[in-house]
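The values are calculated or read from the model by the stated rules, or taken from the named source; none is laboratory data. Values in this document were obtained by computation on a predicted structure and should not be read as measured data. Positions of Cβ are backbone-derived with ideal geometry, glycine not excepted, and every protein chain shown enters the neighbour counts.
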Amino acid sequence: MGNSLTKEIVIANDVKATNAEIAACCLWHTSFYGFVREHSMDYFRLGEISKGIKDRWDDSIYYKARAERCYSIIRRNGGHIPTIRELAPSKKCELICQSKKNFGSIGRSKNKIKRKRLFRRQFLWFYYERMMNIAGFIVHAIPALGDERNKTNIEQLCYLFQSDQFSTETVTSYADEHSNGAKYFCELLEMEELYPKLDNIVVVLTTGEWHLKMTEDEKALCKLLVGDCKYSNILLATDYSLGRQVRLTYATFNSKYPLINEQYEKEKER
């Protein structure tokens, strides 16, 4: 029947997992069961945006609509959303350069008015993509601000909009019955880098039960997360549905406005 599509898979000698475990991992990451809830259930894009099907899949429209939805939540909680003019000059310059690079030869055949329109669309695309990511992290962190264990406020979180570099992600542990989520992440962080290393980090550490003081595993996890960062901020949150698992939502960034959790800084010094 011609060339076969069958391909031999070579497993490195230092891999300790069994064939069954490797097969399960492959199935996990190549199916919808391999995605966390935040990735597989994008309600806003699929159903909540009041746009036509075509506009719903236009990234520039989607980023703006999703950012504005987050803005309304942030404003209701007393936060301030900077306008484009209020952004740091260096960040505006970076967005302009990024837009010009992506703009490329698209507008060369257009007249001046159309070129300006296309360039502005490219600029707003990058602008709202960035603002959407930062605003989304802030919205996720807002419920933790009411927890008595945390001292951070919404004004501090909004300084993230003025960051130079920014990266965020949400990950959930999958600890077995003999361990817990915090210990699971400790072992994972000791094996590989989980996130890009920038000067500052703010983490929402969500556990399955509320306790006033962090456990030893949670303290060890925070120490690994902070690493060599100049400034760090840990927000504690509770989601009882997690059980013994832990969810990390982190943002690493470079900025002249560090978000310092004074309570956590004192605990680190002890």
Residue match in segment 70-83 (condition: within 22 Å of the chain's Cα centre (by Cα), at pLDDT below 80 and assigned to a helix (DSSP H, G or I)): no
Within segment 204-244, tally of residues that are hydrophobic (A, V, I, L, M, F, W, C) and either over 19 Å from Lys151 (Cα atoms) or touching a Phe, Trp or Tyr at 6+ places or on another chain (Cβ under 8 Å) (or both): 9
Scan of segment 130-166 for residues that are assigned to a loop (DSSP other than H, G, I, E, B) and of a type outside the set (Lys, Arg), ordered by number: Asp147, Glu148, Asn150, Thr152, Asn153, Ser163, Asp164
Output for segment 187-216, where each listed residue is crowded, with 18+ Cβ neighbours inside 10 Å and under 22 Å from Tyr240 (Cβ atoms): Val203, Val204, Leu205, Thr206, Thr207, Met214
Lys183 being part of a helix (DSSP H, G or I) and either touching a His at 6+ places or on another chain (Cβ under 7 Å) or outside the structural domain of Pro89 (by TED's automatic domain parsing) (or both): yes
